[in-house]
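Asks: Could you have a look at this structure, given as structure tokens, before my questions?
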Amino acid sequence: MKSLSVFLLLTLITTANAQSVAEEYEVRYHALIQELRCLVCQNQNIAESNAPLAVDLKEQVAEMLQDGRSDTEIKDYLLARYGDFVLYRPPFKPLTWILWLGPFVLLAFGLFLAWKLFSDSNVETEEKVDSDAVNQIMLKSKNMKNRIDQS
Amino acid sequence: MQARFLIPVIVVIGLLGILAIGLTLDPRKVPSPLIGKPAPVFALPKLYQPDQLLTNNDLKGQLALVNVWASWCVACREEHAQIERLSTEFKLRVIGLNYKDKPEDARRWLAQFGNPYSDIAVDEPGRVGIDWGVYGVPETFVIDANGVIRYKHIGPVTASDIETVILPLIAEIQRTDTK
């Protein structure tokens, strides 16, 4: 009786273990196929695509996961065959610097331009107009005050 | 004062220039990382002698073109006359890689249109195609006598592709290899 319960417990543990391994594969598999571009229908990842090549690549990824390959190994396998374009997040290297840094450079340039435009012209002229107006008002009020005083 | 109006104009012209260059590029032509590398290892049954294997070693010794094609591929029909010209008119060794196709369909297709290939390897599961980075048939590779991939053409080969790209490249390869 005791041995039976031990056996049951053991089988429970191992099946739970196998399940968690399968779940881990599943999670990694879905993460990978989300990130790999389908080269036939270029604006889809292979998870979304039903193109024959996408189906083959999904099979390949699943098999490599079962073989115990790491995510990096699987990505490198595809990079060696299809190039950086196969990854939706291409690696950061001199050839892709413009891709990764370009938007920030443009943003900085835009901010610089905006700052330059506002500090050069609008703010200064506004200030000038304001101070002129203030002076005029002050002058007028002074005149009025003088007139009141005189009368 | 004038510079303030000129700068945006210059920026816009620059952007338009970059976008114009972008329009002339074909996003379907993805540069292959295999250029300059030895042809991937493979061993596939031949279409007409299924008990014999065609391997990457068979590519060596003499310059070869590897043309990836399938009977279901419409653009392959379109380029067929040009592939035939490469083998008959220019006496080049053209090896066919029959990609994700049924051998009987492939044989029927060749019987109908003519067989320009000196040898044909059958890749029915498409695994060797993945190793070669194939993503859209037809694709044509230029392999030098050392078995190194020198060029990859994506899409159907046209007469102008042969004259302006493929033949000059082959002449260049043969000139440097014989030195």
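Asks: Restricted to the stretch A:49-80, and to residues that are under 24 Å from B:K37 (Cβ atoms) and over 25 Å from the mean Cα position of the chain (by Cα), which residue is surrounded by the fewest Cβ atoms within 10 Å (Cβ to Cβ)?
Replies: Step by step, filter the stretch A:49-80, then rank; the result is A:D67.
Asks: Taking the stretch B:117-151, which residues are touching a residue at least 60 places away in the same chain (Cβ under 8 Å), surrounded by fewer than 20 Cβ atoms within 10 Å (Cβ to Cβ) and either within 14 Å of chain A (Cβ to nearest Cβ) or part of a helix (DSSP H, G or I) (or both)?
Replies: Result: B:D131, B:G136.
Asks: Please verify whether A:Q34 is within 14 Å of another protein chain (Cβ to nearest Cβ), over 24 Å from B:K37 (Cβ atoms) and either at pLDDT 85 or above or surrounded by 11 or more Cβ atoms within 10 Å (Cβ to Cβ) (or both), treating the condition exactly as stated.
Replies: no
Asks: Please determine whether any residue of the stretch B:128-144 is within 15 Å of B:C76 (Cβ to Cβ) and among the aliphatic types (A, V, I, L, M).
Replies: yes
Asks: When you check B:I162 against the structure, is it under 14 Å from B:Q62 (Cα atoms), surrounded by 15 or more Cβ atoms within 10 Å (Cβ to Cβ) and aliphatic (A, V, I, L, M), yes or no?
Replies: Against the criterion (under 14 Å from B:Q62 (Cα atoms), surrounded by 15 or more Cβ atoms within 10 Å (Cβ to Cβ) and aliphatic (A, V, I, L, M)), B:I162 does not qualify.
Asks: Looking only at the stretch B:10-32, count how many residues are under 26 Å from B:G133 (Cα atoms) and either at pLDDT 90 or above or not in a loop (DSSP other than H, G, I, E, B) (or both).
Replies: Counting residues in the stretch B:10-32 that are under 26 Å from B:G133 (Cα atoms) and either at pLDDT 90 or above or not in a loop (DSSP other than H, G, I, E, B) (or both) gives 3.
Asks: Output yes when any residue across the stretch A:86-94 is surrounded by 12 or more Cβ atoms within 10 Å (Cβ to Cβ), hydrophobic (A, V, I, L, M, F, W, C) and facing chain B (nearest Cβ under 9 Å), and no when none is.
Replies: yes
Asks: If you go through the stretch A:54-99, how many residues are at pLDDT 90 or above, farther than 16 Å from B:P31 by Cβ and part of a helix (DSSP H, G or I)?
Replies: 20
Asks: Please determine, by comparing only the residues of the stretch B:33-74 that are assigned to a loop (DSSP other than H, G, I, E, B) and of a type in the set (A, V, I, L, M), which one is nearest to the other protein chains (Cβ to nearest Cβ).
Replies: Among them, the one singled out is B:L34.
Asks: For A:R28, state whether it is over 30 Å from B:P138 (Cβ atoms), at pLDDT 90 or above and outside any helix (DSSP H, G or I).
Replies: Considered against the rule, which asks whether it is over 30 Å from B:P138 (Cβ atoms), at pLDDT 90 or above and outside any helix (DSSP H, G or I), A:R28 comes out as no.
Asks: I'm checking my understanding of the structure. Among residues of the stretch B:78-109 that are without any contact (Cβ under 8 Å) to a residue 24 or more places away in the chain and part of a helix (DSSP H, G or I), which one is surrounded by the fewest Cβ atoms within 10 Å (Cβ to Cβ)?
Replies: Among those residues, the one meeting the criterion is B:E104.
Asks: Now for a separate question. Just to check your reading of the model, which residue among B:S87, B:S32 is among the small types (G, A, S), touching a strand residue (DSSP E or B) at 6+ places or on another chain (Cβ under 7 Å) and closer than 27 Å to A:V40 by Cβ?
Replies: B:S32
The values are calculated or read from the model by the stated rules, or taken from the named source; none is laboratory data. Because the structure is a prediction, the values reported are computed rather than measured. Cβ atoms come from the backbone with ideal geometry, glycine included; neighbour counts cover every protein chain shown.
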